[in-house]
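For reference, the structure discussed in these notes is given below.
Computed from the coordinates by the stated procedures, all read-outs in this text should not be read as laboratory data. In this text the structure is predicted, and so the values were computed from the model without any measurement. Cβ placement follows ideal geometry from the backbone for every residue including glycine, while neighbour counts extend to all protein chains displayed.
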């Protein structure tokens with residue numbers, strides 16, 4: 001098959017021969033100072049790079065140019081996203097699954113993990129616990145099971161989540177990470193008001209994919225790889241992609257990921273709203289030592305930096321799989337979204353709801369509370385943001401991308417981030433976090449250069465202090 005960026009066939013827009021040629025090109029030119037310098041100069045306009053150009057930057061072995069790559073990633077992230085870090089939490093509804101994924105403890109043959117599915121009343125308690133932490137944005141997770149986890153269960157759960165208003169808490173955006181499905185089902189998810197539809201490819205290398213997914217619906221490589229096409233056709237214009245680094249060689253999957261982003265942009269006029277960068281980590285009955293492609297920290301950091309340069313408009317997500325130290329490094333290089341206070345078990349948030357049996361999908365490395373993460377971010381000079389305004393104002397898909405690519409998104413996002421941080425400080429923060437956050441807001445307000453927007457934001461901050469909530473630009 002030939003490489004065709006707009007093809008409907010998975011093996012044409014994620015083309016093996018093109019990936020292999022790209023890897024060879026990057027290897028051949030990894031010491032070409034003139035070529036790499038020219039790429040860095042061109043990339044400084046924050047317009048992005050092709051998968052082949054990005055692969056060359058990733059392969060670059062010239063020390064001073066590698067320093068320039070990191071510095072450029074920092075500059076581009078600051079230009080597009082500033083110092084805002086969007087906060088979210090995963091919510092696991094069910095770990096029943098019919099797939100045979102060899103890297104996931106939810107696989108159907110695992111007899112040691114406890115199986116559980118939350119009722120609507122249990123979901124309500126979980127969401128109230130998350131609201132009591134201060135979360136406004138959730139990512140729903142559940143295994144693939146046609147009878148235990150039908151779409152009707154998910155739709156009912158989304159309605160339940162949006163309907164819970166506890167004290168000053170409310171979940172304002174529900175993102176969904178579920179298995180590949182049909183255009184009709186994606187339309188139903190769109191009608192239910194989801195934010196981003198997220199699905200990781202795991203690996204773009206088809207032979208490895210099929211070996212890792214020996215049984216179950218997920219074993220169909222082509223159907224899984226074209227899921228985002230069907231989501232777009234179903235009206236979902238905010239989609240999130242990613243690979244699980246460590247399952248296959250990182251070079252191959254890095255290139256495949258960028259080819260997927262290019263395909264969505266070329267075919268639908270809108271690339272991925274988010275890119276996630278999880279690395280494989282220990283879990284129940286999963287021995288990570290059996291996977292030979294573990295990505296070292298230094299390489300992982302470079303992957304994040306080059307992704308930020310190649311796809312400057314996208315939100316980049318890192319989860320609590322990573323340690324506090326690693327998260328600090330990749331935040332600087334490109335990550336713009338962060339989970340905090342996360343539980344990867346079914347029923348893990350509400351204290352009285354904790355299962356006796358282990359139901360975790362993976363071990364959490366960063367075990368801090370949300371407030372500890374918020375205070376840490378403030379100490380590092382970041383603005384923790386609980387903003388969901390773009391989704392609720394209809395700034396999704398190509399409308400969001402136009403603002404992000406032009407750099408104009410800062411005019412909305414920065415004051416919105418400060419107002420949602422103010423809500424968090426008033427309702428949930430520990431005294432030390434609140435004191436630091438108030439000083440940060442005062443400092444950051446001076447960087448809102450539009451006089452009209454700044455005055456409105458100041459008025460809204462005062463109203464929030466007096467008990468009003470949910471202001472947005």
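With runs of 4+ DSSP H residues as the only contributors, calculate the mean residue ellipticity of the chain at 222 nm using -39,500 (n - 2.57) per run, divided by the residue total and rounded to the nearest 500. Don't skip to the end; give the middle numbers.
Details: 20 runs with 226 residues, N = 473.
Result for the chain, helices only: -14500 deg cm²/dmol.
Can you tell me the FRET efficiency between residue 393 and residue 121 if r is taken as the Cβ-Cβ distance and R0 is 22 Å, rounded to the nearest 0.05?
On the way: r = 32 Å, r/R0 = 1.46.
It comes out at approximately 0.10.
Which semi-axes, in whole Å and largest first, does the equivalent ellipsoid of segment 16-77 have when worked out from the alpha carbon gyration tensor as the square roots of 5 times its eigenvalues? List each step's numbers first, then the result.
On the way: eigenvalues 76, 37, 16 Å².
With the √(5λ) rule applied to segment 16-77, the semi-axes are 20, 14, 9 Å.
Looking only at segment 104-131, which residues have a backbone nitrogen under 12 Å from a spot 7 Å from the Cα of residue 215 in the C-beta direction?
Of the residues in segment 104-131, 107-111 have backbone N under 12 Å from the label point off residue 215.
Could the peptides 302-311, 460-469 be put in order, highest first, of the mean number of other beta-carbon atoms found within 10 Å of their residues? It would help to have the intermediate numbers written out before the result.
On the way: 302-311: 25.6, 460-469: 14.4.
Top of the packing list down: 302-311, 460-469.
Between residue 61 and residue 27, with labels modelled 7 Å along Cα→Cβ, what's the label distance in nm to one decimal, could you check?
Here the answer is 1.1 nm between the modelled labels.
Taking only C-alpha pairs under 8 Å that are 6+ residues apart, what is the relative contact order of the chain in percent?
Details: 870 pairs, mean separation 91.1, N = 473.
Relative contact order for the chain comes out at 19 percent.
Find how many whole Å separate the alpha carbon centroid of segment 239-279 from the alpha carbon centroid of segment 46-68.
17 Å
Based on the mean of other Cβ atoms within 10 Å per residue, sort peptides 367-375, 176-184, 83-91 so the most packed one is first. Mind dumping the intermediate values first?
Working: 367-375: 19.4, 176-184: 17.7, 83-91: 22.7.
Highest to lowest by the protection proxy: 83-91, 367-375, 176-184.
For 338, 151, which order do you get if you count the other beta carbons within 10 Å of each Cβ and list the fewest first? Before the final figure, lay out the partial values.
Details: 338 26, 151 16.
Neighbour counts put them in this order, fewest first: 151, 338.
Can you grab the distance from the C-alpha centre of segment 451-467 to the C-alpha centre of segment 130-147, Å, no decimals?
31 Å
What distance in nm lies between label points placed 7 Å from Cα along the C-beta direction at residue 379 and residue 200?
2.8 nm
Return the Cα extents of segment 406-465 along principal axes one, two and three, sorted largest first, each rounded to a whole Å.
Computed over segment 406-465, the largest-to-smallest principal extents equal 36, 22, 16 Å.
Determine, for each peptide in 7-16, 254-263, the mean count of other beta carbons within 10 angstrom over its residues, then list the peptides with the highest first. Mind showing how you got there, number by number?
On the way: 7-16: 18.5, 254-263: 24.9.
So the order, starting with the most tightly packed, is 254-263, 7-16.
Using a basic spin-label model with each label point 7 Å from the Cα along Cα→Cβ, how many nm lie between residue 37 and residue 102?
4.6 nm
Calculate, for residue 470 and residue 128, the FRET efficiency according to 1/(1 + (r/R0)^6) with r their C-beta to C-beta distance and R0 22 Å; round to the nearest 0.05.
Values: r = 18 Å, r/R0 = 0.82.
Taking R0 as 22 Å, the efficiency between residue 470 and residue 128 is 0.75.
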